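Following: one structure in structure tokens, then a few remarks.
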Amino acid sequence: MRFGAATRRGVLAVAVAAAVTIALAGCFAAPSHAKTTAHSPTVHVTATPSATPTPSLTPTEAPNPAMSHLATPEPASTPVPAPTLTPVPAGTVVAQGDVASPKGSIHYHYRVVANGDNTYSAQYSGFTSTVPVPVSATLIDIPPKVGDGLTWHGVGDHQLGGPTSSATSTTASLGSVGQPKYLTTLVTYSSVASPDGVPIELGPNKVLAVNTLHWSIPVRQSNVHPVDGGARTYAAGAVTAKTASGAPKSYKVADGDVTSVVAARFGISVEDLIWLNKNLEVFGAQQYLYEDTTLNLDPDSL
């Protein structure tokens, strides 16, 4: 087929334009995200499920008392109920008995009664005394002997009265003592202000009678119920005591124990553990516990 001159010139122009386009294209690099070479193979990454994050502690890291801080609960994705402790009902008598001094000069009856708000009161009735000094009573944890000088006025320190032939009654608050079972002894003593003019055995703070307290306090109910799930990394300590029902009562912290893991071991929240152990001190961002610290796990011990 034969083409005219004009047609041949058109074809030639198209060919030249195509050549120029190809040449220009070679002057521009491909986008970096699309570039692959023999020296840069494509890498395929397969996602794997991550384990539960665990705290890390270098072998040489040690507690620094200067860095201690109080344990704090971490924000929970699901709110947990605040820990509660139901008080012993008001009016419940948790201890009672009769006091008579060795020489028979002092007599009275005592009752310790729950106030219904986790506090207690001591009620004294039928008090009579023939000693020529005022007499007081108090609850303490270590029993003295008659004739000793009282060096600590204990809990609920209260003056019963002076010499009297007619029985009197009075009440004293024990304040916020929590679980009062640690107060094992009721002490009656001379509360005269000065030793002047009184026999030595009736001088200030002389113990006149000592009575052992026998407590009968109902177990208080709580929504915190620790159950030992077994030792594990970061919670490897030992349960050192159990309650009458067999629940863990106290726990001895092992080296490397962490607040959150110890709480998880016993099936409670960090908030519960802090509630059970007021002013619990920890160190480090992960809230490591101090080795050999004994933690309370019994709500009824509060």
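Summary of values
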{"item": "Residue tally, condition of a type in the set (S, T, N, Q), buried (at least 19 other Cβ atoms within 10 Å of the Cβ) and assigned to a helix (DSSP H, G or I), over the stretch 269-302", "result": "0"}
{"item": "Subset tally (residues that are in a loop (DSSP other than H, G, I, E, B), open to solvent by less than 30 Å² (accessible area, probe 1.4 Å) and among the small types (Gly, Ala, Ser)) for the stretch 248-268", "result": "2"}
{"item": "Subset of the stretch 180-201 that is free of Cβ contacts under 8 Å to residues at least 12 places away in the same chain and in contact with a Gly (Cβ under 9 Å, 6 or more places away or on another chain) - its residue that is surrounded by the fewest Cβ atoms within 10 Å (Cβ to Cβ)", "result": "194"}
{"item": "Neighbours by Cβ (under 7 Å, 6+ apart or cross-chain): first from the stretch 140-158, hydrophobic (A, V, I, L, M, F, W, C); second part of a loop (DSSP other than H, G, I, E, B) and open to solvent by 40 Å² or more (accessible area, probe 1.4 Å)", "result": "140/152; 146/102; 150/205"}
{"item": "Some residue of the stretch 228-248 being of a type outside the set (Phe, Trp, Tyr) and in contact with a Leu (Cβ under 6 Å, 6 or more places away or on another chain)", "result": "yes"}
{"item": "Some residue of the stretch 62-70 being of a type in the set (A, V, I, L, M), in a loop (DSSP other than H, G, I, E, B) and either modelled with pLDDT of 95 or more or open to solvent by 40 Å² or more (accessible area, probe 1.4 Å) (or both)", "result": "yes"}
{"item": "Residues (in a strand (DSSP E or B), open to solvent by less than 50 Å² (accessible area, probe 1.4 Å) and farther than 30 Å from residue 105 by Cα) located in the stretch 204-247", "result": "222, 235, 239, 241"}
{"item": "Scope the stretch 96-120; condition over 30 Å from residue 302 (Cα atoms), outside any loop (DSSP other than H, G, I, E, B) and in contact (Cβ under 8 Å) with a residue 24 or more places away in the chain; matching residues", "result": "100, 106, 108"}
{"item": "Residue check, residue 91 at positive phi, open to solvent by less than 40 Å² (accessible area, probe 1.4 Å) and either modelled with pLDDT of 95 or more or not in a strand (DSSP E or B) (or both)", "result": "no"}
{"item": "Count - residues of the stretch 121-167 that are assigned to a strand (DSSP E or B) and surrounded by 15 or more Cβ atoms within 10 Å (Cβ to Cβ)", "result": "19"}
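Rundown of residues vs (1) touching a strand residue (DSSP E or B) at 6+ places or on another chain (Cβ under 8 Å); (2) under 18 Å from residue 230 (Cα atoms), yes/no style:
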position	(1), (2)
246	no, yes
251	yes, yes
261	yes, yes
264	yes, yes
267	no, yes
282	yes, no
290	yes, no
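The values are calculated or read from the model by the stated rules, or taken from the named source; none is laboratory data. Since the structure is predicted, the reported quantities are computational estimates derived from the model, not experimental observations. Neighbour counts are summed over all protein chains in view; Cβ atoms, including those assigned to glycine, are modelled from backbone coordinates with ideal geometry. Surface accessibility is based on the protein's heavy atoms, side chains included, excluding ligands, DNA and RNA. Shrake-Rupley method; radii C 1.70, N 1.55, O 1.52, S 1.80 Å.
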